[in-house]
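The structure that follows is given in the form of structure tokens.
The values are calculated or read from the model by the stated rules, or taken from the named source; none is laboratory data. If you're wondering where the values come from, they're calculated on a predicted model, not measured in any experiment. No Cβ is skipped: glycine too gets one built from the backbone with ideal geometry, and neighbour counts run over all protein chains shown. Side chains are part of the model used for accessible areas, which takes the heavy atoms of the whole protein and leaves out ligands, DNA and RNA. Shrake-Rupley method; radii C 1.70, N 1.55, O 1.52, S 1.80 Å.
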Amino acid sequence: MMADKLARRIIAVASGKGGVGKSTVSANLAVALARQGRKVGLVDADIYGPSQARLLGAEGMKPKARDSKLEPVATAWGVPVLSMGQLSDPGQSIAWRGPMAAGALTQMLEGHWDDCDVLVVDLPPGTGDIQLTMLQKFKPAGAVIVSTPQDLALIDATRAMELFDKTKVPVIGVVENMAGYACPHCGEVSDPFGSGGAEAVARQRDVPFLGRIPLEMAIRLESDAGTPPAAGDAPQGQAFRALAQRVGEWLDRGTAA
């Protein structure tokens, strides 16, 4: 039992700020890692604003309990998932204080993940009770930081990195999301949220830059439909596949060590 516990590694996906596409990155990272042949599970730790049931096409699929533990819900993409979006009614507000939310996270992380050797955890914005429970009780192997190029998002992303530094959780790298929009009519690329900010922060903090994910209509449409772009071979999934390749290489280096 201890060997199984030690073998399972947690990858926390954090942003410090909401609205930067962290959940979309988490879902597609998990799916792309699974396509590499890894046994991957996904925990939606955003208790108050869960998105993963929609992103993975698992809405309305409620997890069952076995031996007082939750059984993750299987998805069509080879990634089992646990999310408050499956445990509450659609549109229901979750008005819980911090300890209750932290307890829900604990239940999901201690579910029957069986042969999953990697758990991707989609953390909520901020640096509060849920983040502290994760860091103190479950100690992630590493963290992926997601930010848009915008200065306001980068300020909060830096705070998230600082939290991981203080708790000695290595930052795997920084992802710049919503980086560039190509006009579907003329092909001209514009940068509504700026350009290069996340890469600059990664350089300043001396952590790897994991790549850019463009602001694309196809990513939004497929995500809303519960069809992760990383599950296919179309161009809109390429950035997620490249991200998973870099995270996978990091995981492999840790295994070799």
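Of D122, D206, D151, which is the most mobile in a GNM of the chain whose springs link Cα atoms less than 10 angstrom apart?
Its mean-square fluctuation being the largest, the pick is D206.
What is the mean projected area of the alpha carbon convex hull for the chain, to one decimal in square nanometres? Provide the component values of the computation, followed by the final result.
Details: hull surface 54.5 nm².
Average of the hull's projected areas for the chain equals 13.6 nm².
Moving on to the next point. Residues of the chain: accessible area per residue at 1.4 Å, in Å²? Can you show the working numbers first?
Details: 12220 Å² over 257 residues.
That works out to 48 Å² per residue.
Expressed as a whole percentage, what fraction of the accessible surface of the stretch 23-124 belongs to carbon and sulfur atoms when a 1.4 Å probe is rolled over the protein heavy atoms? Kindly include the intermediate steps, with their values, before the conclusion.
Numbers: 2150 of 4350 Å².
C and S fraction of accessible area: 49 percent.
Would you please give the residues with an amide H less than 5 Å from that of V144, counting only those at least 5 places away or on a separate chain, with H modeled from the backbone geometry?
A12, V13, A14, I172
Against the longest principal axis of the chain, how steep is helix 151-166, in degrees 0 to 90 to the nearest 10, with axes from Cα atoms?
40
Relative contact order of the stretch 1-67: what whole-number percent is it, with Cα pairs under 8 angstrom and at least 6 residues apart? Walk me through the numbers on the way to the answer.
Details: 22 pairs, mean separation 14.1, N = 67.
Computed value for the stretch 1-67: 21 percent relative contact order.
If R0 is 25 Å, what FRET efficiency do you get for D233 and A7 from their C-beta distance, rounded to 0.05? Before the final figure, lay out each step's value.
Values: r = 30 Å, r/R0 = 1.21.
Step by step, r from the Cβ atoms, then E = 0.25.
Continuing with the same structure: For the stretch 36-169, just the Cα set please: Rg and Dmax, both in angstrom.
15.0, 47
For the modelled label position 7 Å from the Cα of A74 along Cα-to-Cβ, which residues of the stretch 100-127 have backbone nitrogen atoms closer than 20 Å?
111-120
I've got another one for you. Just to be sure I understand the model, the point goes 7 Å from the Cα along the line to the Cβ. What's the resulting R205 to L221 distance in nm?
About 3.4 nm separates the two model spin labels.
Calculate the spin-label point distance for E162 paired with C186, positioning each point 7 Å from the Cα along the beta-carbon direction, and give it in nanometres.
4.2
Taking only the alpha carbons of the stretch 158-250, what extent do you get along each of the three principal axes, in Å, biggest first?
Answer, in whole Å and largest first: 45, 27, 21 Å.
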